[in-house]
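The values are calculated or read from the model by the stated rules, or taken from the named source; none is laboratory data. What you see is a predicted model; the values in this text were computed from it and never measured. Heads up, the Cβs are rebuilt from the backbone with ideal geometry, glycines too, and the neighbour counts pull from every protein chain shown. Areas reflect the complete protein model, heavy atoms only, side chains present, ligands, DNA and RNA absent. Shrake-Rupley method; radii C 1.70, N 1.55, O 1.52, S 1.80 Å.
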Amino acid sequence: PAYLDKTVISGVQVAVAVEGQTGTGEYAYSGPSITSVSDVSMFGGPVTVTGTNFGPTGSDANIESVFVGGVQQSLSTINPSVTKANTEIVFTAAAGTGSSLNVQL
């Protein structure tokens, strides 16, 4: 998500409507953070990103972009998905991607 580099996301406007009554306010929460990234073979394959606050299992966690070694990846090709609620995202790296590269979401 666009907020991955932020520790706390604040000022998110929230509105709730129930039976014609509407309440509004602001919401703040801890943003996603990466703690580790698995390596991948030269033949490509799954890459596991471990961290916190990624969202529920099965979601794409509102991932807008993935960069591997500074190169933006095509989301439709790598298919990122949250595989363990809030703590793990897996995507598929292409053959020849390289190893020991930085990953940015």
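Conditions first: (1) over 23 Å from residue 99 (Cβ atoms); (2) surrounded by 14 or more Cβ atoms within 10 Å (Cβ to Cβ). Residue 52 passes all but one, so which condition is the exception? Among (1) over 23 Å from residue 99 (Cβ atoms); (2) surrounded by 14 or more Cβ atoms within 10 Å (Cβ to Cβ), residue 52 violates only (2).
For the stretch 1-36, the tally of residues that are at pLDDT 90 or above, open to solvent by 100 Å² or more (accessible area, probe 1.4 Å) and of a type outside the set (S, T, N, Q) stands at 1. Figure legend. Inter-residue proximity from the stretch 9-20: first residues within 22 Å of residue 33 (Cα to Cα), second residues outside any strand (DSSP E or B) and not polar (S, T, N, Q), beta-carbon distance below 8 Å, spacing 6+ or different chains. Indicated pairs: 9/3; 9/31.
Would you check if residue 43 is of a type in the set (Phe, Trp, Tyr) and within 13 Å of the chain's Cα centre (by Cα)? No, not satisfied.
Among the listed residues 81, 76, which satisfies the condition of being free of Cβ contacts under 8 Å to residues at least 24 places away in the same chain, of a type outside the set (Lys, Arg) and open to solvent by less than 60 Å² (accessible area, probe 1.4 Å)? I'd like the intermediate steps shown before the answer.
Numbers: 76 fails: open to solvent by less than 60 Å² (accessible area, probe 1.4 Å).
Answer to the check: 81.
Look through 98, 70 and report the one residue that is closer than 16 Å to residue 39 by Cβ, surrounded by fewer than 16 Cβ atoms within 10 Å (Cβ to Cβ) and not charged (D, E, K, R). Give the derivation first.
Details: 70 fails: closer than 16 Å to residue 39 by Cβ.
Every option except 98 fails the conditions.
Among the residues of this structure, residue 77 counts as one that is farther than 24 Å from residue 10 by Cα, over 10 Å from the mean Cα position of the chain (by Cα), among the β-branched types (Val, Ile, Thr) and modelled with pLDDT under 90.
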